[in-house]
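The values are calculated or read from the model by the stated rules, or taken from the named source; none is laboratory data. Small disclaimer: the values here were computed from a predicted structure and weren't measured. Cβ: placed from backbone, ideal geometry, glycine included. Neighbour counts: every protein chain shown. When the accessible area is computed, the model is the full protein with side chains, heavy atoms only, and any ligands, DNA or RNA have been set aside. Shrake-Rupley method; radii C 1.70, N 1.55, O 1.52, S 1.80 Å.
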Amino acid sequence: MKHDIQTVCAAFDVEGSYVSGGPYGTGHINDTYAVTFDQAQGPKRYILQRINHDVFKNPVQVMENIERVTRHLRNKLTVARADDIDRRTLTLLPTREGLPFHVDADGNHWRLYIFIEQAQTYDELETTDQAFQAAKAFGHFMKQLADLPGGPLAETIPGFHDTRARFDTLQAAIEADVCNRAAEVADEIAFANARESMVDTLLDLHRSGKIPLVTTHNDTKLNNVMLDDATGEGICVIDLDTVMPGLSLYDFGDMVRTAMRPCPEDETDLSKVVGRIEMFEAITRGYLASAGDALNATEIENLAFSARLITFEIGIRFLTDYLQGDVYFKTHRDRQNLDRTHVQFKMVASMEQQADAMAQVVAMATA
Ligand code: ADP
Ligand code: GN1
Ligand code: MG
């Protein structure tokens, strides 16, 4: 649907007048726009987002979480006398009524953030330093939230990383086969079914008290952290919709999923899909540098496994969406969710082949 973003912008309490705006970024969930306002000091950009309310059934709860998280991070930065605070945490602009989001006539929830300038997100990483810096930033983010006041955050997507539930949903999608696609993906289904034994591992470790529930980001793909253009530092963690109780290993695993992959998430030439062990090492070292002291022995033992598991989990989510008719993730062409499935599954296979080398990396990094 086309939205009148100028009218939406008018609801927010922003200095100056609206100049221009257009779609921005490559996120799979929300509608994101970069908008420019003419201000006394010159043009200034903001990020305007429509929350996907098919995915986030309770957008108000999402915004309450984000307000709590950004307030806490800002307080910490202020206490630490950090420079450049507006680039180190997301900052919400209030509406003219003083609210943190705007609801339009069609019931869409909109929010406006300060644009983090002189920094980029990367869909594919090029250097190991980028991986190190990104992982360090996500680890730091988790550490900063360890003393978030006010109790646990709301669960904005129930069972988001419940890999057993994700697996069962795949089975239901195969069974329902609403688009008659199940026969075509028999090999992919077989790949998934052969790995069912993985899906309970972290859930069981949590249930038995060996790994704790903490506040995690839960969507640590590497285009959800902005790297500073000048220093390369992971300056700001973004995309806070799924910040909620989770396992540190979910965050670690999803970073590895995106960093080890040497090609786009929907690459069609599968010969390119081979996991980059040097990126695994950089993510491991970066994450341990900031969050290492927050991890227990069981978490450390499962670092490499979590990468395989989360890659598998996202793979079965893409496959489920393909079977259900591409209703969840944004797609820009036919079969894109199937191509995304292929890449995730090939990465799982690649990580299986490199399991010993990955274990060795963790052993060296923690020695
Ligand atoms: P989605 O949930 O759809 O992935 P994101 O919140 O990740 O949405 O935003 C999509 C993209 O927009 C990001 O990958 C990033 O490139 C860009 N972006 C989001 N917030 C900001 C910001 N405050 N400053 C600059 N770029 C941003
Ligand atoms: C989505 O929102 P985005 O594009 O950063 C998804 C993640 C998936 C990812 C796969 C809320 O992330 O869980 O891992 O796509 N986010 C949600 O690329 O479902
Ligand atoms: Mg995103």
**OP:** For residues that are open to solvent by 60 Å² or more (accessible area, probe 1.4 Å) and acidic (Asp, Glu), scanning just segment 314-353, find the one that is farthest from Glu267 (Cα to Cα).
**Re:** Glu352
Subject >> Residues (within 16 Å of ligand 2 (Cβ to nearest atom) and in contact (Cβ under 8 Å) with a residue 40 or more places away in the chain) located in segment 22-47 >> reply: Gly25, Thr26, Gly27, His28, Ile29, Asn30, Ile47
Original post:
Since Glu67 meets every condition but one in (1) farther than 19 Å from Val237 by Cα; (2) open to solvent by 20 Å² or more (accessible area, probe 1.4 Å), which condition does it not meet?
Top reply: (1)
**OP:** List the number of the failed condition for Met244; all other conditions in (1) under 25 Å from Glu124 (Cα atoms); (2) within 16 Å of ligand 3 (Cβ to nearest atom) hold.
**Re:** (1)
**OP:** Keeping to segment 186-216, report how many residues are outside any helix (DSSP H, G or I) and either among the β-branched types (Val, Ile, Thr) or closer than 10 Å to Arg164 by Cα (or both).
**Re:** 6
Original post:
Out of the residues in segment 193-243 that are more than 16 Å from ligand 2 (Cβ to nearest atom) and of a type in the set (Asp, Glu), which is farthest from Asn30 (Cα to Cα)?
Top reply: Asp204
Original post:
Any residue at all in segment 246-256 that is more than 15 Å from ligand 2 (Cβ to nearest atom), more than 29 Å from Gln61 (Cβ to Cβ) and either of a type in the set (Asp, Glu) or in contact with a strand residue (DSSP E or B) (Cβ under 7 Å, 6 or more places away or on another chain) (or both)?
Top reply: no
Original post:
When you scan segment 78-98, how many residues do you find that are part of a helix (DSSP H, G or I) and surrounded by fewer than 17 Cβ atoms within 10 Å (Cβ to Cβ)?
Top reply: 4
Original post:
Picking from Leu170, Leu203, which residue would you name as being modelled with pLDDT of 95 or more and buried (at least 19 other Cβ atoms within 10 Å of the Cβ)?
Top reply: Leu170
Original post:
With segment 278-367 as the region, which helices (runs of 4 or more DSSP H) entirely inside it contain at least 3 residues that are in contact with an Asp or Glu (Cβ under 7 Å, 6 or more places away or on another chain) and more than 30 Å from Gly209 (Cα to Cα)?
Top reply: 336-353
**OP:** Mind listing whichever residues of segment 113-145 are over 19 Å from the mean Cα position of the chain (by Cα) and not in a loop (DSSP other than H, G, I, E, B)?
**Re:** Ile114, Thr128, Asp129
Original post:
Condition test on Leu148, is it surrounded by 12 or more Cβ atoms within 10 Å (Cβ to Cβ), farther than 16 Å from Leu222 by Cβ and free of Cβ contacts under 8 Å to residues at least 12 places away in the same chain?
Top reply: no
Original post:
What is the one condition in (1) within 12 Å of ligand 1 (Cβ to nearest atom); (2) open to solvent by 80 Å² or more (accessible area, probe 1.4 Å) that Val19 does not satisfy?
Top reply: (1)
**OP:** Spot the failing condition for Arg68; the list is (1) in contact with a Gly (Cβ under 7 Å, 6 or more places away or on another chain); (2) within 16 Å of ligand 2 (Cβ to nearest atom), and only one is missed.
**Re:** (2)
**OP:** Specify the residue that is nearest to Leu77 (Cα to Cα); the eligible residues are those in segment 229-246 that are in a loop (DSSP other than H, G, I, E, B) and under 14 Å from the mean Cα position of the chain (by Cα).
**Re:** Ile238
Original post:
Within segment 260-273, how many residues turn out to be within 19 Å of Tyr122 (Cβ to Cβ) and touching a residue at least 60 places away in the same chain (Cβ under 8 Å)?
Top reply: 9
**OP:** Go through segment 217-228 and give me each residue that's assigned to a loop (DSSP other than H, G, I, E, B) and either more than 8 Å from the chain's Cα centre (by Cα) or more than 10 Å from ligand 1 (Cβ to nearest atom) (or both).
**Re:** His217, Asn218, Thr220
Original post:
For segment 251-275, which residues satisfy the criterion of being part of a helix (DSSP H, G or I), surrounded by fewer than 23 Cβ atoms within 10 Å (Cβ to Cβ) and not small (Gly, Ala, Ser)?
Top reply: Leu270, Lys272
